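To start, the structure itself, in structure tokens.
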Amino acid sequence: MAKPPTLIVHINGRATTVDAGSVVSAAILAAGVPCRLSISGAPRSALCGMGICFECRAVVDGIPHCRTCQLVCRDGMTVGTQR
Ligand code: FES
């Protein structure tokens, strides 16, 4: 079986290679960083994976509070985890 094509997504300024078709929350997880920090500073990441819990919010292409479990990666996309 052929390996899927890859894309480059910039997560907190670091170029990260992901398989085409990956959702952004998976790319963030693969990069080893949380999607955001809670008000108390606790790391938060994707929980439900289906757009309900809002735990996976991050800044995508400059837009804050994007639910990253609902976004498919694009080549050159910029993702910033939220504070
Ligand atoms: S993981 Fe729950 S909304 Fe994205």
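The values are calculated or read from the model by the stated rules, or taken from the named source; none is laboratory data. These figures come from a predicted structure and were not determined experimentally. In this analysis, Cβ positions are derived from the backbone assuming ideal geometry, glycine residues included, and neighbour counts consider all displayed protein chains. Calculation scope for accessible area: heavy atoms of the full protein, side chains included, ligands and nucleic acids excluded. Shrake-Rupley method; radii C 1.70, N 1.55, O 1.52, S 1.80 Å.
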Counting pairwise Cα distances across the chain, what percent come out greater than 15 angstrom? 51
Using 1/(1 + (r/R0)^6) with R0 = 35 angstrom and r between the beta carbons of Met1 and Thr78, what's the FRET efficiency to the nearest 0.05? 0.70
Using a 10 angstrom cutoff on alpha carbons, build the Gaussian network for the chain and name the most mobile of Cys35, Cys66, Cys53. Cys53
Pop out the carbon and sulfur fraction of the accessible area of the range 1-56 as a percent, whole number, probe 1.4 Å. 64
Under the 0.36 nm per residue contour assumption, what length would be gained going from the current alpha-carbon distance of Arg14 and Ala42 to full extension? 7.9 nm
Å² of accessible area per residue within the chain, as computed with a 1.4 Å probe and no ligands counted: 59
